[in-house]
1. Against the condition open to solvent by 20 Å² or more (accessible area, probe 1.4 Å), under 25 Å from ALA6 (Cβ atoms), of a type in the set (Val, Ile, Thr) and at pLDDT 95 or above, how does VAL113 come out, does it pass?
2. Of the residues ALA72, ALA78, ALA103, ALA92, which is among the small types (Gly, Ala, Ser), open to solvent by less than 20 Å² (accessible area, probe 1.4 Å) and without any contact (Cβ under 8 Å) to a residue 60 or more places away in the chain?
3. Please tell me if ARG218 is within 19 Å of the chain's Cα centre (by Cα), open to solvent by 20 Å² or more (accessible area, probe 1.4 Å) and closer than 23 Å to THR7 by Cβ.
4. Applying the selection to region 84-118, what residues are part of a loop (DSSP other than H, G, I, E, B), out of contact with any His (no Cβ under 9 Å at 6 or more places or on another chain) and closer than 26 Å to GLN166 by Cβ?
5. Being among the β-branched types (Val, Ile, Thr) and in a helix (DSSP H, G or I) is the filter here; which residues of region 70-83 pass it?
6. Does ALA131 satisfy the condition of being over 15 Å from the mean Cα position of the chain (by Cα) and open to solvent by less than 20 Å² (accessible area, probe 1.4 Å)?
7. Considering GLU237, GLU192, which residue is over 24 Å from the mean Cα position of the chain (by Cα) and within 24 Å of LEU180 (Cβ to Cβ)?
8. Taking ALA184 and the conditions (1) open to solvent by less than 40 Å² (accessible area, probe 1.4 Å); (2) closer than 27 Å to ARG207 by Cβ; (3) assigned to a helix (DSSP H, G or I), which numbered condition does it fall short on, given that it satisfies the others?
Amino acid sequence: MSKEQATYSHGHHQSVVSNHARRTVQDSAAFLAPHIKPTDHILDVGCGPGSITADFADLVPEGRVVGVDAVASVLEQARSHAGGRTNVDFAAVDANALPYPDAAFDVVYCHQVLQHVRDPVGILREMRRVAKPGAVVAAREADYRAFAWHPTNAGLDRWGELYQAQALASGGEPNAGRFLHAWARQAGFEAEHLETSVTSWCYTGERAKQWGHMWAERAVKSGFANVVKDKGLGTEEELQAVSQAWADWAAKDDLFFSVPSTEILYRVPTASAKPT
């Protein structure tokens with residue numbers, strides 16, 4: 001498959017992009033950071049607004065980072081975020097067919113990308129193809145069905161149901177975290193070179209309120225809302241109710257929201273036949 005067939009259901013409304021731009025290597029790639037060397041050439045697949053990409057660039061002052069995304073408009077924000085860094089480039093690329101030769105990168109990473117694509121196994125194969133022998137291929141994917149929050153809220157339960165339905169209708173897998181290890185094995189990642197872990201974003205206090213207000217807006221204005229309505233999964237009235245539920249939740253005290261993600265880290269063998 002050379003062209004992405006799934007719909008990125010989050011879309012690129014400002015409420016989505018601004019939240020993605022908060023992400024850092026520390027909170028989104030801490031498991032990978034110890035394996036990065038100052039001279040590495042890194043490929044960041046599905047880089048979005050580029051906040052993680054810029055952090056990678058700071059870790060490789062003698063190397064280079066390429067951030068790629070299928071949407072050209074978000075790359076303009078990524079270039080702005082990169083500021084004056086001279087060791088980072090961005091390109092509009094479909095990850096199903098990476099336009100790079102075999103064994104081109106020392107580190108290949110994707111963060112919260114595979115849940116939105118039609119063929120996650122194929123993309124993992126592409127990521128491995130462009131990784132050098134001895135390189136690291138890594139990915140991190142959330143599992144929406146494993147999200148947890150307090151206090152309970154029936155409107156948020158309905159949001160969870162709608163999120164599952166619209167993600168599947170868009171051609172993705174909202175619970176990608178639980179599949180990630182199996183996808184990697186299907187892509188030819190040998191078990192003896194593959195590490196799997198789980199970490200969570202844990203939001204309390206002001207950050208939880210920000211998360212709630214962000215979803216109150218996304219529930220009615222982002223690509224999520226468009227897919228729900230276009231696919232006949234819910235009505236505008238339901239989405240307004242979900243939005244209000246998020247706003248009501250964010251107004252509470254002692255908030256808690258957990259977003260667990262599975263991580264894989266694969267060290268490409270230095271002498272091994274390529275996967276078929």
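The values are calculated or read from the model by the stated rules, or taken from the named source; none is laboratory data. Bear in mind that the values here come from a model prediction, so they are computed numbers and not experimental data. Glycine also receives a Cβ, built like all others from the backbone with ideal geometry; neighbour counts cover every protein chain displayed. We work out accessible area using only protein heavy atoms, side chains counted, and drop any ligands, DNA or RNA first. Shrake-Rupley method; radii C 1.70, N 1.55, O 1.52, S 1.80 Å.
1. Working: open to solvent by 20 Å² or more (accessible area, probe 1.4 Å): yes; under 25 Å from ALA6 (Cβ atoms): yes; of a type in the set (Val, Ile, Thr): yes; at pLDDT 95 or above: yes.
Criteria met by VAL113.
2. ALA78
3. Against the criterion (within 19 Å of the chain's Cα centre (by Cα), open to solvent by 20 Å² or more (accessible area, probe 1.4 Å) and closer than 23 Å to THR7 by Cβ), ARG218 does not qualify.
4. Matches in region 84-118: VAL93, ASP94, VAL113, VAL117, ARG118.
5. So the first thing to find is which residues in region 70-83 are among the β-branched types (Val, Ile, Thr), and the list is 71, 74.
Hit for region 70-83 is VAL74, nothing else.
6. Working: over 15 Å from the mean Cα position of the chain (by Cα): yes; open to solvent by less than 20 Å² (accessible area, probe 1.4 Å): yes.
Against the criterion (over 15 Å from the mean Cα position of the chain (by Cα) and open to solvent by less than 20 Å² (accessible area, probe 1.4 Å)), ALA131 qualifies.
7. GLU192
8. Status for ALA184: all satisfied but (2).
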